[in-house]
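Asks: Just passing along the structure, written as structure tokens.
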Amino acid sequence: MEYWLIAISEPVILAIDFVALAVIVVGTLIALKDGLVLLVSQHEMHRHERRHLWMRYSHWLVAGLTFQLAADIVESSITPDWDGIGRLAAVAVIRTFLNYFLERDVAEIRALEQGGEPGKPAP
């Protein structure tokens, strides 16, 4: 039974990690393209446009981190020893904190764009 769990989980983990990588790469390429367009455009780059660019990019990063965390959760089911589980837990905690702070930054930017105060929900 354990053999089947490992045999099924390993390709699933690779597939989820690949999706995470693809999401992050696509988001990075889009942000790079949009950033270069803003840089070379004729009109002056406004703070609002830059903020909107970084907000869109952060959505891609949050999505990628979420997929990576999912792969870590699946991987924890086949990790044979406590050392491996500890490493997975450390990576999961780091990714969770990154995700939390990215989400918080997005909420603050959204509040600023809607005329509210950072840290307070928009009306």
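Asks: Would you say A71 is among the small types (G, A, S), free of Cβ contacts under 8 Å to residues at least 24 places away in the same chain and in a helix (DSSP H, G or I)? Walk me through how you get there before you give the answer.
Replies: Working: among the small types (G, A, S): yes; free of Cβ contacts under 8 Å to residues at least 24 places away in the same chain: no; in a helix (DSSP H, G or I): yes.
No: the conditions fail for A71.
Asks: Determine the pairs where a residue that is among the acidic types (D, E), located within segment 93-112, has a partner that is at pLDDT 80 or above with Cβ atoms under 7 Å apart, the partner being 6 or more residues away or on another chain.
Replies: That search, which allows pairs on different chains as well, returns E103/V62; D105/S58.
Asks: Only one of (1) more than 23 Å from R104 (Cβ to Cβ); (2) exposed (fewer than 15 other Cβ atoms within 10 Å of the Cβ) fails for V74. Which number is that?
Replies: (2) is the only condition that V74 fails.
Asks: Additional query: Could you figure out which of (1) surrounded by fewer than 16 Cβ atoms within 10 Å (Cβ to Cβ); (2) free of Cβ contacts under 8 Å to residues at least 24 places away in the same chain isn't true of H59?
Replies: (2)
Asks: Sticking with this one: Can you name the residue in segment 9-57 that is hydroxyl-bearing (S, T, Y) and modelled with pLDDT of 85 or more and is also nearest to E75 (Cα to Cα) among such residues?
Replies: Here is the first cut: in segment 9-57, the residues hydroxyl-bearing (S, T, Y) are 9, 28, 41, 57.
Narrowing the set further to residues that are modelled with pLDDT of 85 or more leaves 9, 28, 57.
Values: S9: 7, T28: 26, Y57: 27 Å.
So the residue we want is S9.
Asks: Shifting gears a bit: Looking only at segment 49-83, which residues are more than 11 Å from the chain's Cα centre (by Cα) and β-branched (V, I, T)?
Replies: I73, V74, I78, T79
Asks: Another question, then. Assuming D34 fulfils every condition listed in (1) surrounded by 15 or more Cβ atoms within 10 Å (Cβ to Cβ); (2) among the acidic types (D, E); (3) within 19 Å of E10 (Cα to Cα) apart from one, which condition is it?
Replies: (3)
Asks: Separate question: For I13, which of the numbered conditions (1) surrounded by 14 or more Cβ atoms within 10 Å (Cβ to Cβ); (2) β-branched (V, I, T); (3) without any contact (Cβ under 8 Å) to a residue 40 or more places away in the chain fails to hold?
Replies: Every listed condition holds for I13 apart from (3).
The values are calculated or read from the model by the stated rules, or taken from the named source; none is laboratory data. Bear in mind the structure is a predicted one, so any value in this text is a computation, not a measurement. A quick note on method: Cβ atoms are made from the backbone with ideal geometry, for glycine too, and the neighbour counts reach across all protein chains shown.
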